[in-house]
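Colleague: Quick one: the structure is below, and I'll ask about it shortly.
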Amino acid sequence: MNKVAVIGAGLMGSGIAQTCAQAGYEVVNVDVFPGALEKAEANLNALFDKKVQKGKMTEGEKCEILGRISYSSTYEDVKGAYLIVEAVPEKIDIKKETFANLDQYADEETILVSNTSGLSISEIAAATKRPHKVMGVHFFYPAPVMKLAELIRGLATSDDTYRTVREFAERIKKTIVDAPEFPGFIVNRILVPMQNEAAFMVMEGCSPEDVDNAMKLGANHPMGPLELTDFVGVDVMLATMTGLYEGFHDSKYRPCPLLETMVKAGHLGRKSGRGFYKYE
């Protein structure tokens, strides 16, 4: 029970793989796009080189952790993993297809975990022949730094699966909360509507700077809601808000029209160079 597979080599997937390797797991990071794997490996090497230069890690520690991570573009290499974490794009069809594929290649006793920020675990599990061995663990970005993990059971998740996943989360040093299988779980159900309301205020004439400063200085938030939206991606935030709206069918979750306009214009935040703020 020391091998873990992580599906997806994007920012979340590579971060989860790093977190697991630092906790002592042997990790295979799988992505069907070889370029994504090359980028993930290069980024992690560069990150650890900086840690060594700053004295936060020894060369020996760097080599030991990196030696526990391998990269693959085939699902066949998940064999032998007792637990697989999926970190593919937050679209239900992509996740269901991924779980159906994993169900074919993973060992019979392997547990399948989805790193979803709000999709139905029960629906994802239904794409497999082992729904009792499927559950959700919502990691937060950046995964090696953020301490929280939301654990989400589907309707069919067994007690044994829950216990094993909880032990896994504890081993990688996460603080655990049990979240209900409702859109947004806990954090996003509370946080994203606040970001959405901040966008409404900008649409109504407030400046992004004033909204963010008000929340940082008046509510002691480390980052303003619009800064945070730019950080995670305006498109990601809009997708999460849309999921809340469609999941609860409640008008209080109506996405701000300004967000939709920004996404159409390609103003996605830091990753595109422009969101509520401009970035070099």
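The values are calculated or read from the model by the stated rules, or taken from the named source; none is laboratory data. Since we're looking at a predicted model, the values are computed, not measured. Methodologically, a virtual Cβ is constructed for each residue, glycine included, from the backbone with ideal geometry; neighbour enumeration extends over all protein chains shown. Protein only, heavy atoms only, side chains kept; ligands, DNA and RNA dropped before computing areas. Shrake-Rupley method; radii C 1.70, N 1.55, O 1.52, S 1.80 Å.
Colleague: Could you sort Lys216, Lys91 by their accessible area in this structure, using a 1.4 Å probe and putting the largest first?
Modeller: Result, largest first: Lys91, Lys216.
Colleague: Just need the relative contact order of segment 109-242 here, percent rounded to a whole number, with Cα pairs under 8 Å and 6+ apart. Don't jump to the answer; show the numbers that get you there.
Modeller: On the way: 175 pairs, mean separation 25.9, N = 134.
Computed value for segment 109-242: 19 percent relative contact order.
Colleague: Collect residues whose amide H, placed 1.01 Å from N in the peptide plane, falls under 5 Å from the amide H of Leu155; neighbours closer than 5 in sequence don't count.
Modeller: Ser122
Colleague: How much accessible surface does Cys63 have with a 1.4 Å probe, in Å² rounded to 10?
Modeller: Roughly 70 Å² of Cys63 is accessible to a 1.4 Å probe.
Colleague: May I pose another question? To the nearest 10 degrees, how steep is helix 208-218 against the longest Cα principal axis of the chain, on a 0 to 90 scale?
Modeller: 80 degrees
Colleague: Further question on the same structure: With Rg and Dmax of the Cα atoms in Å defined as stated, name the option among (i) 19.8, 73; (ii) 19.3, 57; (iii) 22.8, 69 computed from the structure displayed.
Modeller: Calculated Rg and Dmax of the Cα atoms in Å: the matching label is (ii).
Colleague: Given the protein chains as shown and a 1.4 Å probe, how many square angstrom of Met1 are accessible, to the nearest 10?
Modeller: Approximately 150 Å² for this residue.
Colleague: Enumerate the calculated ³J(HN,Hα) couplings along segment 160-175 in order (Karplus 6.51 cos²θ - 1.76 cosθ + 1.60, θ = phi - 60°), each rounded to whole Hz, writing x wherever the residue is Gly or Pro.
Modeller: 4, 4, 4, 4, 5, 5, 4, 4, 4, 4, 5, 5, 8, 6, 9, 7
Colleague: Per q in 0.11, 0.12, 0.16, 0.18 Å⁻¹, report the Debye log10 I(q)/I(0) for segment 1-95, using one uniform scatterer on each alpha carbon and no solvent.
Modeller: Here the Debye-derived log intensity ratios amount to -0.30, -0.36, -0.62, -0.77.
Colleague: While we're on this one: Using protein chains only and a probe of 1.4 angstrom, how many square angstrom of Thr58 are accessible, to the nearest 10?
Modeller: Its heavy atoms expose roughly 80 Å² to the probe.
Colleague: Right, next: Say the cut-off is 29 Å between C-alpha atoms; which of Lys62/Lys133; Lys3/Lys96; Lys39/Lys96; Lys133/Lys173 go over it? Mind showing how you got there, number by number?
Modeller: Numbers: Lys62/Lys133 33 Å; Lys3/Lys96 23 Å; Lys39/Lys96 25 Å; Lys133/Lys173 22 Å.
As for pairs spanning more than 29 Å Cα to Cα, those are Lys62/Lys133.
Colleague: So how strong a dipole does the chain carry about its Cα centre when Lys and Arg Cβ are +1 and Asp and Glu Cβ are -1, to the nearest 20 debye?
Modeller: In debye, rounded to 20, the chain gives about 440.
Colleague: Further, regarding this structure: List the lysines whose Cα sits under 25 Å from the Cα of Lys278, skipping any in the same chain fewer than 8 residues away.
Modeller: In chain and number order, the partners are Lys216, Lys264.
Colleague: Return the long-range amide H neighbours of Ile7 (sequence gap of 5 or more, or a different chain), with a cut-off of under 5 Å between placed amide H atoms.
Modeller: Amide H to amide H, under 5 Å and 5 or more residues apart or across chains, Ile7 pairs with Val30, Val85, Glu86, Ala87.
Colleague: Now for a separate question. So, for the chain, what is the accessible surface per residue at a probe of 1.4 Å, expressed in square angstrom?
Modeller: Here the per-residue accessible area is 50 Å².
Colleague: Tell me, what % of the accessible area of segment 55-214 is carbon and sulfur with a 1.4 angstrom probe?
Modeller: 53 percent
Colleague: For Met57, what charge total do you get from the other residues with a beta carbon under 11 Å from its beta carbon, if Lys and Arg give +1 and Asp and Glu give -1?
Modeller: Local net charge: +1.
Colleague: Could I ask something else about it? If you plug each phi of segment 2-11 into the Karplus form 6.51 cos²θ - 1.76 cosθ + 1.60 with θ = phi - 60°, what whole-Hz ³J(HN,Hα) values come out, in order, with x for Gly and Pro?
Modeller: 10, 10, 10, 10, 10, 9, x, 10, x, 4
Colleague: Sticking with this one: Using only Cα atoms, tell me the angle between helix 92-105 and the longest principal axis of the chain; keep it within 0 to 90° and round to the nearest 10.
Modeller: Relative to the chain, helix 92-105 is tipped by roughly 10 degrees.
Colleague: Go through His267, His249 and list them by solvent-accessible area, largest first, probe radius 1.4 Å.
Modeller: The most accessible residue leads, giving His249, His267.
Colleague: Right, here's the next one. If all Cα-Cα distances of segment 114-191 are sorted into 10 Å bins from 0 onward, what percent lands in each bin, rounded to whole numbers?
Modeller: Whole-percent P(r) values from 0 Å outward: 21, 53, 25, 1.
Colleague: Using a 1.4 angstrom probe with every protein chain in place, what is the largest-first accessible-area order of Glu90, Glu197?
Modeller: Working: Glu90 75, Glu197 105 Å².
Sorted descending by solvent-accessible area, the residues read Glu197, Glu90.
Colleague: A further question on this structure: Which distance in Å, rounded to a whole number, links the C-alpha centroids of segment 249-280 and segment 30-79?
Modeller: Result: 32 Å between the Cα centres.
Colleague: Here is a follow-up. Could you pull out every one of the aspartates and glutamates with an alpha carbon less than 15 Å from that of Lys56, ignoring same-chain neighbours closer than 8 positions?
Modeller: Within reach: Glu64.
Colleague: Applying the Karplus parametrisation 6.51 cos²θ - 1.76 cosθ + 1.60 with θ = phi - 60° to the phi angles of segment 263-277, what ³J(HN,Hα) value in whole Hz is obtained for each residue in order, glycine and proline being reported as x?
Modeller: Using θ = phi - 60°, the values come out as 5, 4, 7, x, 8, 9, x, 4, 5, 9, x, 7, x, 6, 10 Hz.
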